[in-house]
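Written below as structure tokens is the structure these notes are about.
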Amino acid sequence: MFKKTLSLICILSIFGINIMPAIAGCPVQNEDKVICTEHLNVHKNAPCNEVTIKTTKKTVEQGNVLLFKFDEKFYSKCNQAGTIVNFTVPEALYTTEGTLILPCGTKIIAEVTQIEKPKWFNKNARVNLIFRKILLPDNTCIDIKARPFTKDYKLKEGPWTTAGKLIASTLTLGIVGAGAGVGFAFIPTPAKIGAGFAIGIPVGCGVGLALGLITPGCHYKAKKGEQVYAVLLEEFSVCNK
């Protein structure tokens, strides 16, 4: 009897018929079919904006850009590789067609992989970060792989912060130069205070600008709630409820 049964299974297998799930008492699962393709509208320059809607899940394709926000303050000077950084979604994420992808309250877990310290000649610090997990409000955990959506996939201070540092350096030494010029002018001839200002301010500002240009750049700082775009390096799926 056993030999006959085994022979029957082999014959059916040749014709592509699999009866093993039925023999094991397991229900045969229907194929996860594609229903349609929908779209995200998070960033206009995203490499991809497609979401594949299937019978059992929604797949956010590689190249989509998502928006996260810091759930805590971050300062590159006080962190190192291996630091875990928490993010959240600013609001529920829907496709343009109206399908919910990530509900409000979704958390994102990221890990610092490297911090490049500020360098001379005003080069700002850079933070290498990888987004690793999505934690839904129902405690479902989804693996993801994403990086900041910047030119070099790193977080760093913008040009306005660098400009502010240069202005501060220029003004500070400009004031010092003005004070020094007035002092030197006042000692021999009090009437030449104006000349002291005229000489001290340009010299001080020039020195301040020069020092600001060659000194190390700024550390990266982020306030709680500051937003960051992230590009998916791999697709991820969310099960339909």
Check your understanding: Within the stretch 47-66, which residues are closer than 24 Å to THR113 by Cβ and surrounded by fewer than 17 Cβ atoms within 10 Å (Cβ to Cβ)?
Key -> PRO47, CYS48, GLN62, GLY63
Exercise for review: Being among the aliphatic types (A, V, I, L, M) and either in a loop (DSSP other than H, G, I, E, B) or more than 15 Å from the chain's Cα centre (by Cα) (or both) is the filter here, so list the residues in the stretch 58-92 that pass it.
Suggested key: VAL60, ALA81, VAL89, ALA92
Exercise for review: Consider only pairs whose beta carbons are under 6 Å apart and that are at least six residues apart or on different chains; among these, list those whose first residue lies in the stretch 54-77 and is at positive phi and whose second residue is part of a loop (DSSP other than H, G, I, E, B) and surrounded by 15 or more Cβ atoms within 10 Å (Cβ to Cβ).
Suggested key: GLY63/CYS48
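For LYS73, state whether it is assigned by TED's automatic domain parsing to the domain that holds LYS151 and farther than 29 Å from VAL51 by Cα.
Yes.
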Practice item. Would you check if there is a residue in the stretch 98-118 being assigned by TED's automatic domain parsing to the domain that holds ILE134, touching a Gly at 6+ places or on another chain (Cβ under 8 Å) and outside any strand (DSSP E or B)? Key: yes
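The values are calculated or read from the model by the stated rules, or taken from the named source; none is laboratory data. This is a predicted model, so every value here is computed, not measured. Don't worry about glycine lacking a Cβ; one is built from the backbone with ideal geometry, like all the others, and counts go over all protein chains shown.
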